[in-house]
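Each remark here refers to the structure printed beneath this line.
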Amino acid sequence: MNTKVDICGVELKNPVMTASGTFGSGREFSELTDLNKIGAVTVKGVAAVPWKGNPAPRIAEVYGGMLNSVGLQNPGVKHFIENDIPFLRQYDTKIVVNVCGHSIDQYKDVVKELRGQDIDLLELNISCPNVDEGGMAFGTDPVMVERVVREVKKEADKPLIVKLSPNVTDITATAKAAVCGGADALSLINTLTGMKIDIHKRAPVLYRKIGGMSGPAVKPVALRMVYEVCKCVDVPVIGMGGISDGEDALEFIMAGATAIAIGTANFVDPRATANTVKGIEEYMKKYNISDINEIRGIIE
Amino acid sequence: MKHIERARVISNRYIGDNICDLVMECSGIARESRAGQFVEVYPDNGKNILARPISICEINKIQGTVRLVFQIVGKGTELFSALEPGDTVRVLGPCGNGYDLVDDVEKTVLLVGGGIGIPPLLEACRELNCSKTAVLGYRSDPFLADGFADAGAKVYITTDDGSAGFKGNVVDLLKAEDIKADVIYSCGPRIMLKFLSQWAVEQGIDCYVSMEERMACGIGACVGCAIPITDGKDWTYKKVCKDGPVFDCREVVWQ
Ligand SMILES: Cc1cc2nc3c(=O)[nH]c(=O)nc-3n(C[C@H](O)[C@H](O)[C@H](O)COP(=O)(O)OP(=O)(O)OC[C@H]3O[C@@H](n4cnc5c(N)ncnc54)[C@H](O)[C@@H]3O)c2cc1C
Ligand SMILES: Cc1cc2nc3c(=O)[nH]c(=O)nc-3n(C[C@H](O)[C@H](O)[C@H](O)COP(=O)(O)O)c2cc1C
Ligand code: FES
């Protein structure tokens, strides 16, 4: 039984990845789940210099999901290189570095610093809704998407995944723009903008009022977008948004995703990644599927 | 090392208006817990996806049980209030740093708790082997106070409405009774912790406070629970779930 998949020449032992920002760099989760079982770990967004992040409350629970407005708090790329790459390399899993910035130059600075480092893939986050500059502001305008991707791609010495925002009318427009700009792969979806109000306090729950929604409730929207994107581009697509188990993962693979990522489900069950791998394998056994790639994109 | 366990409920009863006292067997967690740490309890009902952080009120390493005392404030705690003996519930823990308790019989320790912040101080009280005083503040009806007396503490009670003990807040009482100590361990509403910290700094007493913030992962991976922490010069956001919940009161940015 083959569960290996290929993302731009990087072979993942299985199609299960972690979604950026939900798994740190794996250190905390390594106490609770076996990182060797995960196809790839996508780390928390890394910026050129440390970012403080947004004031609390940063988290709110909503029906079947959650809102966050963390705002890409991170200790910066130098800290990441010194601490997190050596940690993750102890495990048999691929390393995907999620890159964030407030400007094109800042994205380029991170990617330059990462040149020659022992990592496998880069993921360009142009879709974070929780920062005022950069992030989603870059990711919702196809012209801008193409420009950012083209500029950053010039500096990259690893395949570049571009992470798309679902907060657009036509996801295929930004997807095509990213590929035109030179994206080697696409990942989607980032969070959907959302809000929650505490009626007793008559105030928004999040300090920033609006945050990014994720979790099981967003899955149908994410799946639809992954399906649409897979139909219109030729690069590998990494599907995410509300995936909790093997059955969810298989839906995305059948819609055309080469790999999938587990985000919020890690909070619901710290062992969600390993359980998803198991669920996929059980399905393959049950239906006598010898290669996971056989069922990819089987939905017309 | 943290564990995820399916804890078995031993008992669950009300000890006050909307306050539940839940004892559950989860031997892995019990074995490794210490005072001031908390567990993440999962609602597991499909719509409430995030775990609820609840402090460990008492640890019994021999029986492999932990005791949680919580107030019903919403969907998750309401669900936990309905748990019956024999039911199971998914729990992750122990989480957080806990209190670094002094281990010196010569010291005098002050435990200051407010409302639903009182439970984690009970385990601290039980573990301390020195002279200890507990100052417990309630809005109205006291709960858990006997436990502190049983664990050998001198107990003072304050209530906002004066229905029991001293009428006023815990800091008023500390001043009125001119209570002294070498170190303070505390947990309670932010406003109480703020005034207590001011008093402790004035008195030159080391003071450790347990903070709260909304959490997603509970283990330090998502940076959802960050609060500003200062080294006296600059500040950064630190994680309540991993760097805390217990902080030196001088590190907390109170405004
Ligand atoms: C480290 C830590 C230890 C805690 N220990 C205890 C304890 O020993 N006993 C106890 O009764 N409670 C404790 N709490 C608070 C407890 O986690 C919340 O009351 C609980 O999560 C509410 O869940 P719910 O589903 O019932 O309410 P929800 O429906 O989620 O919310 C109801 C209200 O509760 C408040 N709330 C929700 N989540 C939190 C949170 N994470 N922190 C603070 N307030 C919140 C909000 O004001 C909200 O409006 C602790 C919190 C933390 C962070
Ligand atoms: C707390 C939190 C932090 C996140 N941080 C990042 C981030 O740093 N970079 C990024 O590209 N996406 C980030 N995301 C988005 C997730 O990677 C993912 O795209 C999204 O949550 C949808 O997947 P899910 O429903 O499985 O969580 C974050 C999501 C959450 C919930
Ligand atoms: S709750 Fe995730 S870091 Fe604290």
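Overview of values
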quantity: Any hit, the stretch B:165-184, residues being surrounded by fewer than 20 Cβ atoms within 10 Å (Cβ to Cβ) and within 14 Å of another protein chain (Cβ to nearest Cβ); calculated: no
quantity: Condition broken by A:PHE252, with the remaining ones in (1) more than 17 Å from the chain's Cα centre (by Cα); (2) crowded, with 24+ Cβ neighbours inside 10 Å satisfied; calculated: (1)
quantity: Test set (1) under 20 Å from the mean Cα position of the chain (by Cα); (2) within 13 Å of chain B (Cβ to nearest Cβ) - A:VAL62 fails condition number; calculated: (1)
quantity: Candidates A:ASN98, A:ASN83 - the one that is away from chain B (no Cβ under 12 Å) and in a strand (DSSP E or B); calculated: A:ASN98
quantity: Filtered residues of the stretch A:219-243 (kept if among the charged types (D, E, K, R) and part of a loop (DSSP other than H, G, I, E, B)); calculated: A:ASP234
quantity: Count of the stretch B:212-255 residues which are among the hydrophobic types (A, V, I, L, M, F, W, C), buried (at least 19 other Cβ atoms within 10 Å of the Cβ), more than 8 Å from ligand 3 (Cβ to nearest atom) and closer than 25 Å to B:VAL73 by Cβ; calculated: 4
quantity: Residue that is modelled with the highest pLDDT, among those in the stretch A:29-64 that are closer than 19 Å to A:GLU82 by Cβ and small (Gly, Ala, Ser); calculated: A:SER30
quantity: Contacts under 8 angstrom Cβ, first residue in the stretch A:194-212 being closer than 11 Å to A:ASN54 by Cβ and more than 11 Å from chain B (Cβ to nearest Cβ), partner away from ligand 2 (no atom under 14 Å from the Cβ) and assigned to a loop (DSSP other than H, G, I, E, B), 6 or more apart; calculated: A:ARG208/A:PRO55
quantity: Count of residues meeting criterion [within 9 Å of another protein chain (Cβ to nearest Cβ), surrounded by fewer than 24 Cβ atoms within 10 Å (Cβ to Cβ) and hydroxyl-bearing (Ser, Thr, Tyr)] in the stretch A:19-32; calculated: 1
quantity: The stretch B:26-47, subset surrounded by fewer than 22 Cβ atoms within 10 Å (Cβ to Cβ) and polar (S, T, N, Q), residue farthest from the chain's Cα centre (by Cα); calculated: B:ASN45
quantity: Some residue of the stretch B:26-42 being within 12 Å of B:PRO94 (Cβ to Cβ), charged (D, E, K, R) and part of a strand (DSSP E or B); calculated: yes
quantity: Every residue from the stretch A:270-300 that is touching a residue at least 24 places away in the same chain (Cβ under 8 Å) and not in a helix (DSSP H, G or I); calculated: A:PRO270, A:ARG271, A:ILE289, A:SER290, A:ASP291, A:ARG296, A:GLY297, A:ILE298, A:ILE299
quantity: Residue that is assigned by TED's automatic domain parsing to the domain that holds B:ILE118, in contact (Cβ under 8 Å) with a residue 12 or more places away in the chain and not in a helix (DSSP H, G or I), where the choices are B:GLY162, B:GLY147, B:GLY137; calculated: B:GLY137
quantity: Residue, nearest to ligand 1 (Cβ to nearest atom), within the stretch B:197-225, restricted to residues that are within 14 Å of chain A (Cβ to nearest Cβ) and free of Cβ contacts under 8 Å to residues at least 24 places away in the same chain; calculated: B:ARG214
quantity: Members of the stretch B:226-241 that are more than 7 Å from every other protein chain (Cβ to nearest Cβ) and at pLDDT 95 or above; calculated: B:PRO228, B:ILE229, B:THR230, B:LYS238, B:LYS239, B:VAL240, B:CYS241
quantity: Count of the stretch A:81-106 residues which are surrounded by 23 or more Cβ atoms within 10 Å (Cβ to Cβ) and at pLDDT below 95; calculated: 2
quantity: Test result for B:THR88, away from ligand 1 (no atom under 11 Å from the Cβ), more than 29 Å from B:ILE157 (Cα to Cα), of a type in the set (Ser, Thr, Tyr) and not assigned by TED's automatic domain parsing to the domain that holds B:ASP182; calculated: yes
quantity: Filtered residues of the stretch B:77-120 (kept if in contact with a His (Cβ under 9 Å, 6 or more places away or on another chain) and surrounded by fewer than 17 Cβ atoms within 10 Å (Cβ to Cβ)); calculated: none
quantity: Subset of the stretch A:46-77 [over 28 Å from A:ASP198 (Cβ atoms) and within 15 Å of ligand 3 (Cβ to nearest atom)]; calculated: A:ASN74, A:PRO75
quantity: Residues located in the stretch B:121-134, provided they are surrounded by fewer than 19 Cβ atoms within 10 Å (Cβ to Cβ) and part of a loop (DSSP other than H, G, I, E, B); calculated: B:ASN129, B:CYS130
quantity: The stretch A:34-59 - residue that is polar (S, T, N, Q) and more than 9 Å from every other protein chain (Cβ to nearest Cβ) and, of those, farthest from the chain's Cα centre (by Cα); calculated: A:ASN36
quantity: Lone qualifier among A:LEU88, A:LEU72 - being over 21 Å from A:LEU35 (Cβ atoms) and within 14 Å of chain B (Cβ to nearest Cβ); calculated: A:LEU72
quantity: Per-region count, the stretch B:48-76, residues surrounded by 20 or more Cβ atoms within 10 Å (Cβ to Cβ) and under 19 Å from the mean Cα position of the chain (by Cα); calculated: 16
quantity: Failed item in (1) closer than 27 Å to B:LYS239 by Cβ; (2) at pLDDT 95 or above, with B:ASP103 passing the rest; calculated: (2)
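To keep it simple, each residue is scored yes or no on (1) over 21 Å from B:ALA151 (Cβ atoms); (2) out of contact with any Ser or Thr (no Cβ under 8 Å at 6 or more places or on another chain); (3) within 11 Å of chain A (Cβ to nearest Cβ); (4) free of Cβ contacts under 8 Å to residues at least 24 places away in the same chain.
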position	(1), (2), (3), (4)
B:SER11	no, yes, no, no
B:VAL23	no, no, no, no
B:ALA30	no, no, no, no
B:GLY36	no, no, no, no
B:TYR42	yes, yes, yes, no
B:ALA51	yes, yes, yes, no
B:GLN71	yes, no, no, no
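Okay, residues lined up against (1) more than 20 Å from the chain's Cα centre (by Cα); (2) of a type outside the set (Ser, Thr, Tyr):
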| position | (1), (2) |
| --- | --- |
| B:PHE143 | no, yes |
| B:GLY162 | yes, yes |
| B:PHE166 | yes, yes |
| B:ASP178 | yes, yes |
| B:SER186 | no, no |
| B:GLU202 | yes, yes |
| B:ASP206 | no, yes |
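The values are calculated or read from the model by the stated rules, or taken from the named source; none is laboratory data. Only a predicted model underlies this, so the values are computations on that prediction, with no experimental measurement involved. FYI the Cβ positions are ideal-geometry reconstructions off the backbone, even for glycines, and counts take in every protein chain you see.
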